[in-house]
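K.L.:
Quick one: this structure, given as structure tokens, is what I'll be asking you about.
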Amino acid sequence: MIRTLIADDATLMRAGIRLILEHADDIEVVAEAADGPAAVRACREQEIDVALLDVHMPGGDGLTAIAGIVRESPRTNIAMLTAYDDDRNVAEALRAGAIGFLLKDTAPTELIRAVRVAATGESILAPQITRRLIERHLISDSGGAEAAARSRIERLTDTERDVLRLVSAGLSNAEIAERLYMATGTVKAHISRILTKLDCANRVQAAILAHDAGLPANG
């Protein structure tokens, strides 16, 4: 079972998300929270696989809560929920350690699929959103970080760089396996080593680092 937390200050929103997720036989909503600090406590005290955090909550928002969850419950994969397609919030959340970003009008079937994907540690950002973020914010915000990012990328083997290029292009593990003629398990092993070498919390952070370093997605 995928143990899930829903954090949103709106009781009806939490109830609606719970109702959707409870239709899946492999997802269990084990905790709810009305603000960021409560979400951090829940992840610390329970074994949460996926945390769905509202971006804007009185008393401590989801963006602030990310750091606490990453620190106190590193096993938890974090996906942000918002009613607005706000690129700046997306960029901030991903840099802090979130693995994905969902709009609150996401279709029920897509929400269930997103939780399943998040539980595996894969990004739940569509490739076109990733590209737009990079174009508008991530590269311009990185400033003098390019040299530092390149230095970190140099820790990787040639094969690991090939995998990272495809991760930064938004491909799933299965798609990377097909492109590089590898088993899916081999791709997962490479990504695990990449995250360790780059000191990244998840594949989204690794993709951002790759773009900061100027690593071409298809080069």
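K.L.:
Could you pull out the residue among Asn89, Asn77 that is polar (S, T, N, Q) and in contact (Cβ under 8 Å) with a residue 40 or more places away in the chain?
P.N.:
Just a single option satisfies the conditions, and that option is Asn77.
K.L.:
Shifting gears a bit: Kindly indicate whether any position in the stretch 54-67 is under 23 Å from Leu209 (Cβ atoms), over 14 Å from the mean Cα position of the chain (by Cα), touching a residue at least 12 places away in the same chain (Cβ under 8 Å) and open to solvent by 10 Å² or more (accessible area, probe 1.4 Å).
P.N.:
Yes, because at least one residue in the stretch 54-67 is under 23 Å from Leu209 (Cβ atoms), over 14 Å from the mean Cα position of the chain (by Cα), touching a residue at least 12 places away in the same chain (Cβ under 8 Å) and open to solvent by 10 Å² or more (accessible area, probe 1.4 Å).
K.L.:
Right, something else. When you scan the stretch 27-42, do you find a residue that is open to solvent by 30 Å² or more (accessible area, probe 1.4 Å), closer than 21 Å to Leu209 by Cα and small (Gly, Ala, Ser), even just one?
P.N.:
No, the stretch 27-42 contains no residue that is open to solvent by 30 Å² or more (accessible area, probe 1.4 Å), closer than 21 Å to Leu209 by Cα and small (Gly, Ala, Ser).
K.L.:
Name the pairs whose Cβ atoms lie under 7 Å apart, with the first residue in the stretch 184-204 and closer than 16 Å to Leu171 by Cα and in contact (Cβ under 8 Å) with a residue 12 or more places away in the chain, the second of a type in the set (D, E, K, R) and crowded, with 16+ Cβ neighbours inside 10 Å, and 6 or more positions between them or separate chains?
P.N.:
That search, which allows pairs on different chains as well, returns His190/Glu160; Ile191/Arg203; Ile194/Glu160; Arg203/Glu122.
K.L.:
For the condition in contact with a strand residue (DSSP E or B) (Cβ under 9 Å, 6 or more places away or on another chain) and either within 22 Å of Val204 (Cα to Cα) or assigned to a strand (DSSP E or B) (or both), what is the one hit in Ala91, Ala67, Ala51?
P.N.:
Ala51
K.L.:
Give the residue that is farthest from Thr120 (Cα to Cα), with candidates limited to residues of the stretch 37-48 that are in a loop (DSSP other than H, G, I, E, B) and not aliphatic (A, V, I, L, M).
P.N.:
Quick first cut of the stretch 37-48, residues in a loop (DSSP other than H, G, I, E, B) only: 46-48.
Then drop every residue that is not not aliphatic (A, V, I, L, M), which leaves 46-47.
Values: Gln46: 18, Glu47: 15 Å.
The qualifying residue farthest from Thr120 (Cα to Cα) is Gln46.
K.L.:
Got a number for residues in the stretch 59-82 being at pLDDT below 85 and over 22 Å from Ile27 (Cβ atoms)?
P.N.:
Within the stretch 59-82, the subset at pLDDT below 85 is 59-61, 82.
If we keep only those that are over 22 Å from Ile27 (Cβ atoms) too, we end up with 59-61.
Number of matching residues: 3.
K.L.:
Of these, Leu81, Leu94, which one is crowded, with 18+ Cβ neighbours inside 10 Å and within 21 Å of Thr109 (Cα to Cα)?
P.N.:
Leu81
K.L.:
Moving on. Examine the stretch 118-137 for a residue that is assigned to a helix (DSSP H, G or I), under 15 Å from Met80 (Cα atoms) and at pLDDT 75 or above, and state whether such a residue exists.
P.N.:
yes
K.L.:
Please go through the stretch 158-200 and give me each residue that is small (Gly, Ala, Ser), surrounded by fewer than 21 Cβ atoms within 10 Å (Cβ to Cβ) and either in contact with a helix residue (DSSP H, G or I) (Cβ under 8 Å, 6 or more places away or on another chain) or in a loop (DSSP other than H, G, I, E, B) (or both), ordered by number.
P.N.:
Ala169, Gly170, Ser172, Ala174, Ala177, Ala183
The values are calculated or read from the model by the stated rules, or taken from the named source; none is laboratory data. Model, not experiment: these values are computed from the prediction. Glycine also receives a Cβ, built like all others from the backbone with ideal geometry; neighbour counts cover every protein chain displayed. Side chains are part of the model used for accessible areas, which takes the heavy atoms of the whole protein and leaves out ligands, DNA and RNA. Shrake-Rupley method; radii C 1.70, N 1.55, O 1.52, S 1.80 Å.
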